[in-house]
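All remarks here apply to the structure that follows.
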C-alpha cells in the first residue's frame, strides 16, 4: 500500500484506489473493527507497508502477569473396607447366595450360608459370640422368613444377639417393607441386586463392627 493511504486504513470501507477500475476492493469494516477491539483492550496497532512488497501489522496489548493459584487439596474420602469380616448369609436361592458369596470374597470377606431363616437362627445360636460380624438376611424364605428369623435372633439370650448388624436384602423396596424390617430389629434395608458400596455404608454405620475403617 502507498504510505499516504495508511492513515485511512482503519476507516470503514476505505479504498486506496477509488476508481471504477480498482481490482482489489476496499478494507470494508474488518480493519475498523480490529482497531476498535485493540483500543478497548488498551492496546495499539501499527502498520508498515511497502507497495508491491507487502504489509506488516503489529499489535501491542498490555496484559497482567497471571498469578498461579494452587488449589487446596480436597479432603480424602475414607476408604470403606469389609476385609476380615465373616458374614452369615440367609438366602433360599442357591444361585443368589453363590453370587453374594463371590462378591464378598472380592472384598476379602468370608461367609457361611443358611438356606432359610430357621437355619440362620440355628447357625447363629450355635456359633461362638462374635463369630459372625453381620447377618445378610433375605426377606422371603421358606420355613422361616427374614422377619421371623430376625425376631428370633434378637430374642436369644446371648450378648451379641442384640448388637449384631442384620441387613435386610430384598427385592421389595416399598416404605412398608422398610418399616417392617426396622420393627423386626434389622439395622438397614438394601434392595437387590446388592451394591457393595451401599452394603459397606450400611455396615459402616454400625459401631459394633470395629474392624471397618
- Message: Anything in segment 125-151 that is out of contact with any strand residue (DSSP E or B) (no Cβ under 6 Å at 6 or more places or on another chain) and under 20 Å from residue 182 (Cβ atoms)? List them, or say none.
- Response: 140, 141, 144, 145, 147, 148, 149, 151
- Filtering segment 179-213 down to residues that are over 26 Å from the mean Cα position of the chain (by Cα) and at pLDDT 75 or above yields 179, 180, 181, 182, 183, 184, 185, 186
- Message: Could you tell me how many of the residues in segment 48-62 are under 16 Å from residue 4 (Cβ atoms) and surrounded by 11 or more Cβ atoms within 10 Å (Cβ to Cβ)?
- Response: 5
- Message: Checking residue 93 against (1) under 33 Å from the mean Cα position of the chain (by Cα); (2) modelled with pLDDT under 95; (3) surrounded by 15 or more Cβ atoms within 10 Å (Cβ to Cβ): exactly one of these is not met. Which one?
- Response: (3)
- Task: Specify which of the listed residues (150, 163, 110) is touching a residue at least 40 places away in the same chain (Cβ under 8 Å), under 21 Å from residue 203 (Cβ atoms) and over 27 Å from the mean Cα position of the chain (by Cα).
- Result: 163
- Counted residues, segment 83-93 - those being free of Cβ contacts under 8 Å to residues at least 60 places away in the same chain and under 17 Å from residue 171 (Cβ atoms): 4
- Message: Of everything in segment 148-161, what is modelled with pLDDT under 95 and surrounded by 13 or more Cβ atoms within 10 Å (Cβ to Cβ)? Give them in sequence order.
- Response: 158, 160
- Query: Any residue in segment 187-203 that is closer than 11 Å to residue 134 by Cβ, in contact with a helix residue (DSSP H, G or I) (Cβ under 8 Å, 6 or more places away or on another chain) and surrounded by 16 or more Cβ atoms within 10 Å (Cβ to Cβ)?
  - Reply: yes
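The values are calculated or read from the model by the stated rules, or taken from the named source; none is laboratory data. Model, not experiment: these values are computed from the prediction. No Cβ is skipped: glycine too gets one built from the backbone with ideal geometry, and neighbour counts run over all protein chains shown.
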